[in-house]
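Notes to accompany the following structure.
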Amino acid sequence: MSRQPTEPTCQDLELDPRWNAVLSRDAGADGEFVYGVRTTGVYCRPSSSARLPRPENVVFFANAAEAEAAGYRPSKRAAADRTGLAEQHAAVVAGACRLIIEAEGLPTLAELAAHAGMSPWHLHRVFKAVTGLTPKGYANAHRADKVRSKLTDSGRITDALYDAGFNSNSRFYEASTGLLGMSPTDYRKGGATLEIRFAVGECFLGSILVARSARGVCAILLGDDPNRLVEDLQDQFHSATLIGGDADFERLMAEVVGFIEAPRLGLNLPLDLQGTAFQQRVWQALAQIPPGTTASYAQIAQRIGLPSASRAVALACAANHIAVAIPCHRVVRSDGALSGYRWGVERKRALLTREGQETEPQNAEKNALTGFDRF
C-alpha cells in the first residue's frame, strides 16, 4: 500500500513544529500526532526513545489509525508506548472525572486541562476518546444525577439546584429540560406531563416495542409477550401518558425493525438516554463497538478509564432500555462466552450471529478489492 506524506519537502518539515517536538521527544505532544519513518515502515509517538530518523524520511499522521491505514506498523517501542499512553490517558481522565465530581461548581475546560497538565484541546480529545463524552457532557450528566437525587427528596427545588452547582434559578431552568427531559416540577411528580408514543410489532427476535419521547427514542424492548412489553414501558415511565402510535409512528417503527434486521445499516434517529453519568459513559462506549465484533466487560471498563469497574459495567448494560441501538449484546465475558442479556441470551446469540453473517460478505468484498495492495 502506498504511503502519502503530509510534508512534501525536507525544508518544510524542518520548519514544522511537530518535527521540533520529535527532536525534543516532547511528551506533551503525545496524542496529538505520530510520525512514520519511510525507510523502516514503522511509526512512533513524539516522545519515543527510538533513534531519531533523518528528516527526509519522516511523515506525520494525526493518529496511529491513520498511520496504520497508510501501511505503517507500530515498532516494538511504539506498541509499548501505545499501551503506556493508554494507561496514562485513563489515569488523566479518571482524575478529571474526580475533579468534576468534587467541584462545587462546573469546572472549565481550561481548569481541567491545567490540572491534567495538558492543553485544553488535547484534554478534550483524550477525554472523549476514553469516555465517549466531552468533559462538559460528563459534567452535565453528573449534575443531572445530583439534580435527580435532590428532587426525589422533600426539600425545595431551589436547594436542589444550588446543591447541583447552579448559581442562579434562570440557568437551572434553562438547562433543566436537557438534563432531566422535563421541567424539575414535572420530574418531581414522576413525569406526570410527559407523553410517550409507542407501538408494538414483530421482528426476527420476537415481539418488539418502540417508544419515543419528545427528545427521541427512549425505549426499544424485546420479548415474547407484547402485553408484557407494554407493562415494562409503564414501569419505566410510571407517571407518563402513554399514547399508541399513529401512521407516522408506524413508519418509525418500520425503520427500527429494519435496523434490528440489518444492524450495519445504522439507526439515524435521536436517542433519549436517561441514566446516570456512569451509565451514559458505558452506553457511549458500547455505541463505539462495530457490528460483527464484541468487547469484554473488562475492556469497556478500561475504555472509560475505570479498569476495576467490570461489574459496574455489567450492571449498566443490564440497565439499558434501548436494545441494539445501544448494543449491550456485543459485550461478552473475558473468555468470549456469552453472559446475561436483559432480553435473553438466545436473543443475544441470534443478534451476534446475524451481525457476523452481515460482516463476512463485506470483508470478503473488501479483501477482493484490496488484496493486490496488501500483498
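The values are calculated or read from the model by the stated rules, or taken from the named source; none is laboratory data. Since we're looking at a predicted model, the values are computed, not measured. Note that we place each Cβ from the backbone using ideal geometry, even for glycine, and neighbour counts take in every protein chain shown.
Listed values, structure above:
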quantity	calculated
Every residue from region 284-312 that is in contact with a Leu (Cβ under 8 Å, 6 or more places away or on another chain) and either buried (at least 23 other Cβ atoms within 10 Å of the Cβ) or within 16 Å of residue 259 (Cβ to Cβ) (or both)	300
Tally, over region 114-137, of residues that are at pLDDT 80 or above and surrounded by 22 or more Cβ atoms within 10 Å (Cβ to Cβ)	5
Selection from region 99-113 of residues that are at pLDDT 85 or above and not in a loop (DSSP other than H, G, I, E, B)	99, 109, 110, 111, 112, 113
Subset of region 204-235 that is among the charged types (D, E, K, R) and in a loop (DSSP other than H, G, I, E, B) - its residue that is surrounded by the most Cβ atoms within 10 Å (Cβ to Cβ)	215
Odd one out for residue 24 among (1) crowded, with 16+ Cβ neighbours inside 10 Å; (2) without any contact (Cβ under 8 Å) to a residue 40 or more places away in the chain	(1)
Single residue of region 321-335 satisfying the filter (outside any helix (DSSP H, G or I) and free of Cβ contacts under 8 Å to residues at least 40 places away in the same chain) that is surrounded by the most Cβ atoms within 10 Å (Cβ to Cβ)	332
Residue in region 77-88 that is among the basic types (Lys, Arg), modelled with pLDDT under 85 and part of a helix (DSSP H, G or I) present	yes
Close pairs from region 339-350: first over 16 Å from residue 261 (Cα atoms) and without any contact (Cβ under 8 Å) to a residue 24 or more places away in the chain, partner part of a loop (DSSP other than H, G, I, E, B) and of a type in the set (S, T, N, Q), Cβ under 8 Å, at least 6 apart	345/339
Number of positions in region 114-138 that are within 15 Å of the chain's Cα centre (by Cα) and in a helix (DSSP H, G or I)	12
Among residues of region 296-323, those that are touching a Lys or Arg at 6+ places or on another chain (Cβ under 7 Å) and more than 14 Å from residue 340 (Cα to Cα), counted	1
